[in-house]
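Take a look at the structure set out below.
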Amino acid sequence: MCTNEKEPMDELEQLEIELLLEALYRYYGVDFRNYVMPTIRRRVWNRIRTERLRTISGLQEKVLHDRQSFNRLANDFSINVTELFRDPSFFKAFRDKVVPQLKDYPRIRIWHAGCSTGEEAYSMAMLLHEEGLLEKTRIYATDMNESVIEEAKLGSFPLDRLASYSHNYAQSGGRKSIKEYVSVTSGRAEFRPFLGEKITFAQHNLAVDESFNEFHVIICRNVMIYFNSYLQNRVHELFYESLSPSGFLGLGHKESITFTSFTDCYKEMEANEKLYRKVK
């Protein structure tokens, strides 16, 4: 079967995709079964064309017998879009609304879920350093994709991004020059070691893994837009259970706790930036 993913999906195509996702879960333990179907469908057909195949079942056979093919497909499903101080207004709101509340905490634990290559975790470390909170903070940054976690551990980014990252940093309320936080080596910008020392990068799959600590802040931005309602509620339950009393939750612009079973468990701190505080 060869099709155009812009055409309506028929029953057979949906069945084949569901069987592919079930096979990935049973054999590799990765769970994409509750991701939104249009996104999965588009990436399945892109991978079929790239691998020079013709059918979904052909792709399933290949990824089950070839680990590298599976890795490529899993990378397709893992949405890895990030940048330093992405959506600067979010970090500005966090600095203005949340940081003052954290000043009195003896220790601070922050979880960046779906961290991709780690830029937003480093952004948080820079912000907290400027606010005098980094020394008593541990940032846990997780992603389901092992390859991006390994890249995040390197603590560097392409030098050609420095100008746009500097702009984001300034817009977020940054008080110094971004060059005080990076050094330039072989065409890349490397974060200063004192930032990385406060960040623990680890693999964690929101679809199947459980909580691993209690956190004062959880940031998960622009991840759940790719999940169906069942998985969104599953992740919201995970975050609620992982947040300490009066803990803070930060979501992406297109995400919300509205229409979830946890709507009444938070109060809104900054509506435009989707910043919430746990109240129950």
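The values are calculated or read from the model by the stated rules, or taken from the named source; none is laboratory data. Every value quoted in this text rests on a predicted model; they were computed, and no experiment measured them. Cβ placement follows ideal geometry from the backbone for every residue including glycine, while neighbour counts extend to all protein chains displayed. Surface accessibility is based on the protein's heavy atoms, side chains included, excluding ligands, DNA and RNA. Shrake-Rupley method; radii C 1.70, N 1.55, O 1.52, S 1.80 Å.
Just a few scattered comments:
- Distant alpha-carbon pairs in region 18-87 (separation over 20 angstrom), percent: 26
- Protein accessible area in region 18-100, 1.4 Å probe - carbon and sulfur %: 46
- Helical content of the chain, expressed as a calculated mean residue ellipticity at 222 nm, amounts to -12000 deg cm²/dmol (DSSP H runs of 4 or more residues, -39,500 (n - 2.57) each, divided by residue number, nearest 500).
- Solvent-accessible area per residue, Å², over region 200-267 with all protein chains present [probe radius 1.4 Å]: 43
- Once Rg and the Kirkwood radius are both taken over the C-alpha atoms of region 181-280, their ratio Rg/Rh works out to 1.05.
- Split the accessible area of region 127-280 by element, probe 1.4 Å, and carbon with sulfur accounts for 47%.
- Taking every Cα-Cα distance in the chain and sorting them into 5 Å bins starting at zero, the pair-distance distribution P(r) comes out as 1, 5, 12, 15, 17, 15, 12, 10, 7, 4, 1, 0, 0 percent.
- Two-site FRET efficiency, R67 against R107, from Cβ-Cβ distance with R₀ of 51 Å, rounded to 0.05: 0.80
- Descending principal axes extents, region 86-164, alpha-carbon based, whole Å: 36, 27, 18
- Residues R42 and S183, FRET efficiency given R0 of 41 Å [Cβ-Cβ distance, rounded to 0.05]: 0.55
- 5 Å binning of all Cα-Cα separations within region 57-213, expressed as whole percents from 0 upward: 2, 9, 17, 19, 19, 14, 9, 5, 3, 2, 1, 0
- Expressed as a fraction of 2.2 N^0.38 Å, the value expected for a compact globular protein of N residues, the C-alpha radius of gyration of region 157-207 is 1.36.
- Accessible area per residue for region 1-127, computed on protein heavy atoms with a 1.4 Å probe, is 48 Å².
- When the residues M37, M224 are ordered by accessible surface, computed with a 1.4 Å probe over the protein chains alone, the sequence from largest down reads M37, M224.
- Percentage of interatomic Cα-Cα distances in region 38-135 larger than 17 Å: 62
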